[in-house]
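We did not get these values from a lab; they are worked out from the coordinates using the rules stated. Owing to the predicted nature of the structure, the values given are computational and were not obtained by experimental measurement. Please note: Cβ atoms are built from the backbone with ideal geometry, for glycine as well, and neighbour counts cover all protein chains shown.
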């Protein structure tokens, strides 16, 4: 079972006389990175909100927006005069630079964040507990989306690994023929340049055995098969967070493929190696999205 780092979750619910809307979007990332936007009256709870998101989501680049929907009920408001003044100066300068009518600046000011806020917007302990459930519901929806994405990732990764194993089977079939071609090629060169009667056949056989052992790829094929099998078994495990492990295994798979290519000295085997590398790169791209 895989879980993707990509997903989207939304939850909306009334908490007392307030209606909260929580939107969470997640993309792939090496660590947990959070961009959090929330109303000013929730600032005292920001640390708890960040902790909850981190615990429930693990890795990923997360964008969470918490907003308060207008319920239509009238409430006393407060005006942040200092903030309005801070906004006014650059707006007035911009208006003058563009030759615009400055009479509309006030209507713009009151719409800017935190200039006008409901003065009674505070959360009681009970409301905070209810809000946490809204946040958790949005997280659950996001994780559900992540699981759906993870199923597609798992299917694609299995295809890539199985394709690598198919090419490896071809390499194993070609290996005996490769050794025979190497023997025949070296023997033919000696006969053409030295003469059959001018070299020691026993010595040649000893040298051939030594040379073929140096370029033998059987160990690489055993390790490659083991790495691929381990990768597939790890995919089937229930652990949700295993993207880094899968990435490490792909590095080992790549090492064995590269060594096979460097030792091959055979055009047909090299073609298999190129196809395996192509599948490996596609798998690496997909693993970047795995939690």
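For residue 65 and residue 112 in one chain, what is 0.36 nm times their gap in residues minus the Cα-Cα distance, to one decimal in nm? Can you show the working numbers first?
Numbers: separation 47, 0.36 × 47 = 16.92 nm, distance 1.67 nm.
Result: 15.3 nm gained on full extension.
Order the peptides 258-267, 229-238 from the highest to the lowest mean number of other Cβ atoms within 10 Å of their residues.
With the highest mean Cβ count within 10 Å placed first, the list reads 258-267, 229-238.
Relative to a virtual label point 7 Å from the Cα of residue 234 in the Cα→beta-carbon direction, which members of segment 259-281 show backbone nitrogen distances below 19 Å?
Only 259, 277-281 fall inside the zone, counting backbone N under 19 Å.
How would you rank 47, 41, going from fewest to most other Cβ atoms within 10 Å of each one's own Cβ?
Working: 47 9, 41 16.
Listing 47, 41 from fewest to most nearby Cβ atoms yields 47, 41.
Considering only C-alpha atoms, what is the centroid distance from segment 238-275 to segment 47-64, in Å?
34 Å
Fewest Cβ neighbours within 10 Å first, please rank 108, 6 accordingly.
108, 6
Between residue 8 and residue 170, what is the spin-label point distance in nm, taking each point 7 Å from the Cα along the Cα→C-beta axis?
It is 4.1 nm.
Taking neighbour Cβ counts within 10 Å as the exposure measure, how do 248, 32 sort from fewest upward?
In order of increasing Cβ crowding within 10 Å: 248, 32.
What is the gain in length, in nm to one decimal, between residue 268 and residue 128 on full extension, counting 0.36 nm per residue of separation less the C-alpha to C-alpha distance?
So the chain would gain 43.8 nm between residue 268 and residue 128.
Between residue 86 and residue 17, what FRET efficiency follows from the Cβ-Cβ distance if R0 is 41 Å, with the result rounded to 0.05?
Efficiency, rounded to the nearest 0.05: 0.85.
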